[in-house]
Amino acid sequence: MRLNVNIVIMYRFYLLLLMYMTNLVAMQAQTAAQREEAKLREEQLLRQTEEIANLITRLERAEQRMSKLEAEIAQLRNASLATERRITALDAKISKDRDAILDEVAQIVAQSQKTTSAPPPTIKNPTPGGARPAQQQTSTTAQEAGYEYVVRRGDTLSKIVRTLAAQGIKTSVQEISAANNLSDPTMIRVGQKLFIPKR
């Protein structure tokens with residue numbers, strides 16, 4: 001809503017015209033009655049003039065409020081667009097992160113399935129199975145009775161000890177290291193055969 005400048009000019013011209021007519025009526029009054037009537041008309045015209053001036057002031061103030069509201073609406077619209085862009089960017093990032101997590105979980109599940117489907121470690125027990133005892137290549141332990149364990153992926157000596165313990169075979173990292181001449185217990189490889197001394 002914009003204030004029409006021509007209307008304001010017309011109102012002000014009308015006020016001047018009313019004032020001129022008031023003065024003209026007062027000058028042309030000849031009798032007391034006419035002067036009284038002219039005075040009443042002048043007062044009425046002055047009241048109308050004040051009302052018109054008040055209306056113009058109210059219109060100007062309304063125009064200022066409208067301009068301010070339009071500026072605030074424009075700011076809110078810009079802020080809303082910026083927020084929408086940020087939300088879109090966050091949604092894209094969340095979707096990308098979710099896809100990456102799902103891929104990683106799928107890889108972990110596939111690796112876990114491969115690990116669970118791998119064959120159990122080879123443990124040769126001469127007593128229940130009737131197989132011959134495993135023998136060390138060293139002369140000191142050539143005649144010792146024990147078991148043979150084939151190292152699998154992810155095995156450590158500590159894990160091997162726990163696996164054997166679950167099968168009722170008691171041993172220790174030190175015993176396995178000594179029986180197999182392992183200077184470094186961490187240096188074992190997949191497929192390596194370890195001699196497990198029987199207690």
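The values are calculated or read from the model by the stated rules, or taken from the named source; none is laboratory data. Treat the numbers as computed from the prediction; the structure is a model and nothing was measured. We place every Cβ from the backbone using ideal geometry, glycine too, and count neighbours over all the protein chains shown.
Do we find a residue being acidic (Asp, Glu) and over 49 Å from the mean Cα position of the chain (by Cα) anywhere in region 178-190? Before you say what the answer is, go through the steps one by one.
To start, the set of residues in region 178-190 that are acidic (Asp, Glu) comprises 184.
Filter once more, so that each one left must be over 49 Å from the mean Cα position of the chain (by Cα): none.
No.
So which residues in region 150-164 are assigned to a helix (DSSP H, G or I), among the aliphatic types (A, V, I, L, M) and in contact with a helix residue (DSSP H, G or I) (Cβ under 8 Å, 6 or more places away or on another chain), if there are any at all? Give the derivation first.
Within region 150-164, the first condition is being assigned to a helix (DSSP H, G or I), and the residues that meet it are 157-164.
Going one step further and asking which of them are among the aliphatic types (A, V, I, L, M), we end up with 157, 160-161, 164.
If the condition is that a residue be assigned to a helix (DSSP H, G or I), among the aliphatic types (A, V, I, L, M) and in contact with a helix residue (DSSP H, G or I) (Cβ under 8 Å, 6 or more places away or on another chain), then Leu157, Ile160, Val161 are the ones that fit.
Looking at Ala53, Ala62, Ala38, Ala74, which is the one that is in a helix (DSSP H, G or I) and over 30 Å from Tyr11 (Cβ atoms)? Break it down into steps so the answer makes sense when it comes.
Working: Ala53 fails: over 30 Å from Tyr11 (Cβ atoms); Ala62 fails: over 30 Å from Tyr11 (Cβ atoms); Ala38 fails: over 30 Å from Tyr11 (Cβ atoms).
That would be Ala74, the only listed residue that is in a helix (DSSP H, G or I) and over 30 Å from Tyr11 (Cβ atoms).
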Exercise for the section: Looking only at region 185-199, count how many residues are over 18 Å from Gly154 (Cβ atoms) and either charged (D, E, K, R) or assigned to a loop (DSSP other than H, G, I, E, B) (or both). Expected result: 2
Practice task
Would you confirm whether any residue within region 14-29 is of a type in the set (S, T, N, Q), outside the structural domain of Val190 (by TED's automatic domain parsing), modelled with pLDDT of 75 or more and more than 30 Å from Val190 (Cα to Cα)?
Solution key: no
